[in-house]
Structure formats: structure tokens, C-alpha cells
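Undergrad: Can you keep this structure in mind? I'll have questions shortly.
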Amino acid sequence: MIIKTGHPTLKLAFFLATSLIPSLSVDLPSPDDSVSCLLDFKKFPYQPAGECLGYQEKVQVLGSLSTTLCCRNVLNVLTKTLASHVATTKSDYVFIPQDQWMNCNGAFHKQDSVSPHSCRFDSLYSGKSKCSNFSLSSIKEDFHYQNALATCSDFNSSFDDVCSNCTAAILAATDSLTEKLEAEERATCAIATVIYIAAAKIDDPSFVDNFYRCLPALDAFDVGYDKIKHSTVKAVIAIFMAVVALMLVLLLTLYVTKSRSKSKCRKPNAEMKAWSGLYRFSKAEIENAINYGNEKKSLGRGSAGQVYKGVLPSGQVVAIKHIHQSSTTDSFQREVEGLSRVRHPNLVCLFGCCIEGGDRYLVYEYCSAGNLARHLLRKDAVLTWETRVKILRDCALGLRYLHHYIDGCIVHRDIKVITNMSCLFDLCKRNL
């Protein structure tokens, strides 16, 4: 607000008045002053606390009142003193009238920066709200109040169990009182409940000590309030950044590992390329090999094509697979790229290939002893257990080699008993 005054004297008077008003508003009587304050603070004197210096950490006390840790200590002193006043004067009301309460609202002598007024407890007087204006006699017969009084009166057994039951009973009594009075300010009802319970045995120092040690169990940090002090924010941020960095490193490692795994077991590219270690046969050479001696002998049929017996000009016998034109190029490329450099005693060698005029051929090592199915399913002879175990062992060695192949794992995906001469396992070296 802006006030205009025309005369210089009026301006000076207005300045002096506005300057003096703030200092007058905080010049309240000390609660330690027994002359001006009705309450006796000597029985439960306020003890200075370091929590009142500098940073003020906020909490929600008694499950409903938002304040600070410093003011929580002030509230404990006030409730103890009011409980003592109720017990001493046999008053039916827990709070005192407003004019008397204001005489007890000043700063404490031992820590003059702290007072009920600075903690905003100015409204804790009789008549301010419904919860501050009812009588003790009106709730003495209330079940929840009686239960809270009985539950919180005996701390001789396990403190944890008694305190847990006591705080639950206080909350129930507060809810009952708030509902009964249709009060809107639940915090005042909670304070009144604590004062009534404390007044019952306020002359028992052991009870008072245990009861007020239990009350912090109802405290909670205010929702949405930053509870971390400024001095620890940097540490928390540093830890957070370290965790994020570690997660990024782990994700990057996982990505690289997964990429390598995919590259090892990937499907061949569509682009044809020259495979090292393989001879590129011409179609004429393939046809001459298959029709050697004017005889075309079929060794069997696989899922990808027909297999023929062939003889190279050097006299070496080979197995030649003619890939079906209906088969995908991927099937042909998989075999060529996967087996072009594979060399193992228990695996059939791939000698070469042919790609010409839309025809595709694969030239394999010839297994003169026949295929696996021929020996396992023959009826004229029975394989010994030693032979069967040897077959299993050799098959396992071949698979292990493929799965740990240095240029990338090779997965057969079509191992079965009924197979043909293009089978993966070389039985010609088994001496069956």
C-alpha cells in the first residue's frame, strides 16, 4: 500500500510509526517469566537445542501438524506445561484463555531466538477452534480416549510394543475427537489428546520421559519438502551421476556383447563373395564329375537339394549337392560361408562350389561308409554299445567344434536320424 501525505511532519510521523510497529509486535513476555505468564515453565523448562540454529528441518508432528524440529521441542514443552496446569488446577479445559496465553508467548531466556510465537503457536488458546474449546468431562467416557489413556500409561514392558500401540491409540482418539466435534483443524485435536493423556500421570517423571520419547514415532517429513540439507546435495548428486554412468557403461557393454553375438551367429549377406579355401568349379566340371563313366548315381535327397556321387578328374570321389532352384539363396550361402573354413575330423569337408546359369552346387567330401541312418536302422546287424557310444561322442565333438568355432558359432538346426550323404557327421572314418 502507498500512502500519500502532503506535510513533511506527517511523513516523518508515518515513517516513525511504521518503523516501530514491527519491534513492538515481537516484544512479547517470556514464557519463563512467572510473573506475567499463568503457566509454570519451571517444572518442564525449555532446553536449548542445536536444531534451532541455521537450517530448519521440517517435520509433520503428531501425524498432522507441519512444523520444524526446533518447534517440535517447543511444542513438547508447551504440552507438558499445559498438562501440568490441568492436573494442578483440576481444570476441565486443556487450553487457557487468549489473553493469558499471549502472556506466555515470548522468547525463552536460554535461547531468545525461539518462542511459541516464532513457532506460530499463537492459536493454541481456548475458544480458537472446536478442539480447543471442549471440556475434559465431555470425552472422559469416550472409548478411544480411555483406550489411549490405558495403552500409553504403562511403559514397564517392551518399549517398542507399548509405543507402537500407544501411537496407534493416539491417532484413533484424535480421529474420534475430530469426527465427534466436526472439527476442521485436526492438529489442535491431536495436541489436545496428547495433553489429556500426559495430564493423567504428569507427576510421574518416568512416564513423562517414556511418553515423550514415544511421540516422535508419529513424526514424518512433510510431503513434497526437500529433506536433504544443502551440504549433502552435492554428495547425492555425485552418487546419482556415478550410478547413471555405471548404468550407461553396463548398457554399452551389453550392447557391444549382443552385437558381437549377432555378428557371430548372423545370417550371410545377400551379396555373393569369394570364399577363402574353396575351389570354384565350373558347371561343365560338375556335370563331368556327376556323369563319370556315363553313370549318374544319386546318393539321396536333402531338404535343400539332390545329392549325387561324383568323381573328379584326379580320381577323387566326392558328394555333389545340387541345390533346388526353389530354395532360397540364404540356404546356399549359409552352407558355403559356414563350412568353407571348417576343418574337423568328425565333420564332412566342403571342397568347393559352383554358381553358374542359375544352378548352384556344393562339392563335399565323400563318405564311403554311408550315412548314419543306414547303420542305426539296419536290420541285418546290431551295433554294439561301444560303437553307439563312440558315435555319440564323435557327434558331440563335432557339435562342440561348430558351437565354439572361432569365426562365429554355427548352429545346424536340422539334426535327425534319417539323413543323407550331405549329413554333417563323417562316418567314413568310424570303421563301422
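The values are calculated or read from the model by the stated rules, or taken from the named source; none is laboratory data. Since this is a predicted model, take the numbers as computed values, not measurements. All accessible areas refer to the heavy atoms of the entire protein, side chains included, with ligands and DNA or RNA removed. Shrake-Rupley method; radii C 1.70, N 1.55, O 1.52, S 1.80 Å.
Undergrad: Amide H of GLY305: which non-local residues (sequence gap of 5 or more, or other chain) have their own amide H closer than 5 Å, using H built in the peptide plane?
TA: Here HIS324 satisfy the definition.
Undergrad: While we're looking at this one, here's another question. Below 8 Å between Cα atoms, with a sequence gap of 6+, how large is the relative contact order for the range 52-191 in percent? Each step should come with its number before you reach the end.
TA: Numbers: 146 pairs, mean separation 29.7, N = 140.
It comes to 21 percent, rounded to a whole number.
Undergrad: Write down Rg/Rh for the range 109-181, rounded to two decimals, with Rg from the C-alpha atoms and Rh from the Kirkwood relation over Cα pairs.
TA: Values: Rg = 16.0 Å, Rh = 14.6 Å.
Answer for the range 109-181: 1.10.
Undergrad: Quick one: which residues, 5 or more positions from ARG360 or on another chain, have an amide H under 5 Å from its amide H? H modelled 1.01 Å from N in the peptide plane, none for Pro or chain starts.
TA: ILE323
Undergrad: Tell me, what HN-Hα J-couplings in whole Hz come from the Karplus equation 6.51 cos²θ - 1.76 cosθ + 1.60 at θ = phi - 60° for each residue of the range 101-108, using x for Gly and Pro?
TA: 5, 5, 6, 10, 10, x, 6, 7
Undergrad: Further question: Quick one: check the C-alpha center-to-center distance for the range 32-80 versus the range 92-165, whole angstrom.
TA: Using only Cα atoms to place each centre, the spacing works out to 12 Å.
Undergrad: Out of the total accessible area of the range 97-139 (probe 1.4 Å, heavy atoms of protein only), what percent is carbon and sulfur? Present the calculation step by step, with values, prior to reporting the outcome.
TA: Numbers: 910 of 2060 Å².
Using a 1.4 Å probe with all protein chains present, the range 97-139 comes out at 44 percent carbon and sulfur.
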